[in-house]
Structure formats: structure tokens, C-alpha cells
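K.L.:
The following block contains the structure, expressed as C-alpha cells.
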Amino acid sequence: MNFTPVRAGFNLPLFNNFVFISYSGQLDFYEKLNGQRIDKFVWESKKIPLRHDYSSVGISVNNKSIDEIMKMFRKDKKGPDQEKEKSEKIVEQEDKLLSILKDFRLNYNISMRWEQNKRNVDTFFVSFHSVSVNGSIPLSKNWNLRINNFDYNIKEKRFEYPDIGLERDLHCWRMSFSWRPSGGSYTFFIGVKSSVLQFVKYNHGQDPIRGALNSSPVF
């Protein structure tokens, strides 16, 4: 079998780099039997030069802010004064919501695959499908709610290791609490903001995976 498989692929950005589509695929000159290539040209049996082996397509929206997404789908409404006034009120409400969610970013990924199985039957399936958000909400001047890796696996129908935290600005000090419900772990931290005095801090946490309770006060 002197001919190697023919591989091809491309990446396509759409909507001003808002969405990315990627493709990779493989064609083969030889037949396949029980999932293995055999020394027999496809042309001999099917009178076509190449056999489709597999194709993978991915669609992703990576690290886009909620503000960017809302602005993309927002349409300027024109019409009578009453409709215009109603539209302005809706925009005002959306702006208030965006001011709260301005630091949030969205990631969306789906991967689809088309291939021949061991019985040489074409199969199509979704290999990966997830959506996640990351960001923070200012609860007050000094309090901040942080949400990291809030990832939902749509294919498996489960959340993947969300990390939720609270942060408090204590002027010269900083305090934070982080909780990972999926792993059953948490951490508490308080320390001086100054880079010179970074060793002045207190860490406390629990990680069931390590099976230990660790606390390291340094004063």
C-alpha cells in the first residue's frame, strides 16, 4: 500500500471573528475491512478514486463577552414615537443588565464526527458539546462574586467542576473564599495587597482528593 491517506482541513472565521468553524478530514485510496486498511483499491470495487474515511467539524465561540454578544443581536428599531420610546426602555434595561454582566465571557464548543465504523457503515455523532461562562459580579463597592469554569457538558448533561468564589476588598488587605461543589473542596485566603509583604497571609482549605486538611498561617 504505497499511497498514504489524503488529509485536508481548514479554519473559517465568521461574523468578524465571532464564530470559528474548523474542518479536518481524510480520504483513502484503499478499502477497509473490520476497521483496517487492506491492499485493495477502492476503484476496483466502487469505481471511485477515493473512499471517505472520516470528517470532523467543530464550531466554537471562544472567550466572547456577554456585552459583545448582546450588541450583535441588538437591532435598532425605527418607527412611531411610541414604538421608539418602548424600544429605548428595552435598551435601557438591557444596558443595566450588561453593566452587571460586563465581565462575563462565554465559551461554546461543539465537535461532530462522521466516520466509517468497523462494519464499514457511515456513522455520525457528536463527540463533544459544551457551554461555559466565566466572570464576576460586583455585589457592592468592596464585595465581588466570582464564577469560574461554570461549564455545562450538554452531551453528558452534567456540570463540569464549577468554581464559585467571594472576594472582599479590605483596603490594604484582600480576602477571598472559593468553593468547588463538584470536588467538595474549598479555600479561604486573606493577605496583604502589597507585593513587598506578600508573605503575610493566611491560607486554609480542604481537598478531599488529597484526603487532608491544610492550613498555613504565616505571620
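Just so you know, all these numbers are worked out from the coordinates, no wet-lab data involved. Predicted model, so just to flag it, every value in this text is computed and none were measured. A quick note on method: Cβ atoms are made from the backbone with ideal geometry, for glycine too, and the neighbour counts reach across all protein chains shown.
K.L.:
I'd like the distance separating the alpha-carbon centroids of region 105-137 and region 168-187, in whole Å.
P.N.:
When both Cα centres are located, 33 Å separates them.
K.L.:
Something else now. In region 21-51, whose amide N lies under 14 Å from the spot 7 Å out along Cα-to-Cβ of Phe10? List them in ranges.
P.N.:
Only 21-25 fall inside the zone, counting backbone N under 14 Å.
K.L.:
Once amide H atoms are placed 1.01 Å from N in the peptide plane, what residues at a sequence separation of 5 or more from Asp103, or on another chain, have their amide H within under 5 Å of its amide H?
P.N.:
Ser136
K.L.:
Using label points projected 7 Å from each Cα along Cα→Cβ, tell me how many nm separate Ile38 and Ser130, to one decimal.
P.N.:
Those two pseudo-labels are separated by 4.0 nm.
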